[in-house]
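To start, the structure itself, in structure tokens.
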Amino acid sequence: MKEIITEKDLFYYVFNQSLLLEDKILFLKNSQEYVNEIQFYINLKEYLDTELSDEDKFLIAKKIPEYRFNSANIRAVELFPIRKIEHKNSNNLVLRADSENINNKFVHTKTFYDDNKIYIIKVINYRNSSKVFVFSTIEEIIRDFDVVISPHQLRYHLSDNTEPLELDFNIEPESIKIEFNLKSKN
């Protein structure tokens, strides 16, 4: 019987015995010859049965277009500012990559993103107001979420990200959190 046991048989023995002939099941059950191989597949099955983290699901969604992951399953995502990248123009003047309009001293921007670069938030401060734009790099419309601006813990609810959050004052966030699925679903 040993000669006719294949890798596929070992796989079926652990994952779906209904696809395996009865004599092969009995042989594998009573044999010590394939203990390590069977244990490998048992460990693999246990690993596959564990729930993927929301972070892993987002990474899969970014790489596989057919896989759609709803951000409503995630409770919160923390975004941090990108570090400023300075460039010099032809006149040797320093230009900042995160500044929308370097010639206008009344308009300043700051860009934030999460560790996996799934969400991007752009804060634009005008003379006496601010706009906060929320983007998804996996091209989803984000619905029913709060934006929490630190360090002052300013909290604003948005029904979706199709329009920016508009404030009648300037903000200087150190980090921004997006909190999802705020309504309890009974």
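The values are calculated or read from the model by the stated rules, or taken from the named source; none is laboratory data. The structure displayed is predicted, hence computed values, not measured ones. Every residue, glycine among them, receives a Cβ derived from its backbone with ideal geometry; neighbour counts consider all protein chains shown.
Going through (1) surrounded by 13 or more Cβ atoms within 10 Å (Cβ to Cβ); (2) under 22 Å from the mean Cα position of the chain (by Cα); (3) over 14 Å from Ala76 (Cα atoms) one by one, Arg143 falls short only on (3). Scanning the stretch 106-136 for residues that are of a type in the set (Ser, Thr, Tyr) and surrounded by 15 or more Cβ atoms within 10 Å (Cβ to Cβ), we see that the one that is farthest from Leu79 (Cα to Cα) is Ser130. Taking the criterion of being part of a loop (DSSP other than H, G, I, E, B) and not aromatic (Phe, Trp, Tyr), the residues of the stretch 113-132 that qualify are Asp114, Asp115, Asn116, Lys117, Ile118, Arg127, Asn128, Ser129.
Kindly evaluate Val77 against the criterion of being of a type outside the set (Phe, Trp, Tyr), in contact with a strand residue (DSSP E or B) (Cβ under 8 Å, 6 or more places away or on another chain), at pLDDT 90 or above and surrounded by 15 or more Cβ atoms within 10 Å (Cβ to Cβ).
Considered against the rule, which asks whether it is of a type outside the set (Phe, Trp, Tyr), in contact with a strand residue (DSSP E or B) (Cβ under 8 Å, 6 or more places away or on another chain), at pLDDT 90 or above and surrounded by 15 or more Cβ atoms within 10 Å (Cβ to Cβ), Val77 comes out as no.
The set of residues in the stretch 18-62 being surrounded by 11 or more Cβ atoms within 10 Å (Cβ to Cβ), part of a helix (DSSP H, G or I), at pLDDT 90 or above and of a type outside the set (A, V, I, L, M, F, W, C) consists of Lys24, Glu37, Gln39. The set of residues in the stretch 155-170 that are under 23 Å from the mean Cα position of the chain (by Cα), hydrophobic (A, V, I, L, M, F, W, C) and within 20 Å of Tyr126 (Cα to Cα) contains only Leu165. Of all residues in the stretch 158-186, those that are on the phi > 0 side of the Ramachandran plot have Cβ atoms under 6 Å from Cβ atoms of residues that are surrounded by fewer than 16 Cβ atoms within 10 Å (Cβ to Cβ) and modelled with pLDDT under 90, 6 or more apart or on another chain, in Asn181/Ala72.
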